[in-house]
1. Counting Lys +1, Arg +1, Asp -1, Glu -1, what net charge surrounds Gly157 among other residues with beta carbon under 12 Å of its beta carbon?
2. Kindly give Rg over Rh for region 79-219, based on alpha-carbon atoms, with the Kirkwood expression for the hydrodynamic radius.
3. Order Glu240, Glu47 by their accessible area, 1.4 angstrom probe, all chains in place, largest first.
4. With angles folded into 0 to 90 degrees, how steeply does helix 146-156 sit against the dominant principal axis of the chain? Use alpha carbons for both and round to 10.
5. For Cα pairs less than 8 Å apart in space and 6+ apart in sequence, what is the mean separation divided by the residue count of the chain, i.e. the relative contact order in percent?
6. Helix 63-74 against the longest principal axis of the chain: what's the angle in degrees, Cα atoms only, rounded to the nearest 10?
7. From the residues Ser242, Gly55, Pro122, which one has its Cα farthest along the dipole of the chain in the positive direction, the dipole being from +1 and -1 charges on Cβ of Lys/Arg and Asp/Glu about the Cα centre?
8. Can you tell me which of 27-33, 93-99, 136-142, 165-171 comes out highest on packing, and rank the rest after it, using the mean Cβ neighbours within 10 Å?
Amino acid sequence: MAREGSSIDKALTVLEAIAEHHRVTDIAAETGVSKSTVHRILQSLVEWGFARTDGNGGYEPGPRILTLAGRVMNRFDPARQASGALAALHERIGYTTHFAVRSGDEAVYVSKLEGRRPYQMPSRVGMSLRLHCTAIGKAVLAQLPADEVRAVAARTGLPRMTPRTLTSVDDLLAHLAEVRARGYALDDEENHPEILCVGAPVFDHTGQVLGGISISALAMDMDREGLERLAPEVVAAAREVSLALGAPLPAAPR
């Protein structure tokens, strides 16, 4: 709802409301702005090209919104948008922190912060990772329809990376249902022996899964229970990145 007396706030709330509401009455109810003020704002938005009449007495987003969005997206760098949340997560937990984005049947690291531990992870920015046996990869797959997961599995073959790798698509789908329910994925030495990770999905401005965030540690330094204790931190950071990318996420539970 717009703040009392703030014409800019009122205009912005009306602009945001026309993404879902078309009638002046509905926009006024959604924003808490009077109908007369909504009407004046809509007239200005039409003049600027940010709104247009729909021919039925209502309004809809105008072409200038798409023009502006296109210019912004051409300069949009997910890694830069994620940097603040990643740095904060890294500062809190002290383990190696990654951000990777999906690229076809794999994901690619676009950001890495090395942990404050007496060892380094073999990952690097630009390195690709498999989806079926990594924390970020499984966090991504868990957000996809089953038929798309099966298509990925058919193309990649689900190679066995360690004795713990899931190589059956049915087993993988059952596992992904658990990942989806709890909101995070674990890599319990499934991709590399002696390396454990926990990851959570990141969504883009369309609400589609873009990639994920993870933290990684050596088995000698972290066990599965320890990872699960840190999982809420990773989930919260992934949500923060998603919001920074414009994802239409529901409000966080209180």
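The values are calculated or read from the model by the stated rules, or taken from the named source; none is laboratory data. As the structure is a computational prediction, the values presented were derived from the model and not from experiment. When we count neighbours, we look across all protein chains shown, and the Cβ atoms used for this are built from the backbone with ideal geometry, even at glycine. All accessible areas refer to the heavy atoms of the entire protein, side chains included, with ligands and DNA or RNA removed. Shrake-Rupley method; radii C 1.70, N 1.55, O 1.52, S 1.80 Å.
1. Taking every other residue near Gly157 into account, the sum is +2.
2. Reported Rg/Rh (Cα atoms, Kirkwood Rh): 0.95.
3. Ranked list, largest accessible area first: Glu47, Glu240.
4. Rounded to the nearest ten degrees, it is 50.
5. Details: 426 pairs, mean separation 36.1, N = 254.
Dividing the mean separation by the residue count of the chain yields 14 percent.
6. 30
7. Of the options given, the answer is Gly55.
8. Ranked from most to least packed, the peptides come out as 136-142, 93-99, 27-33, 165-171.
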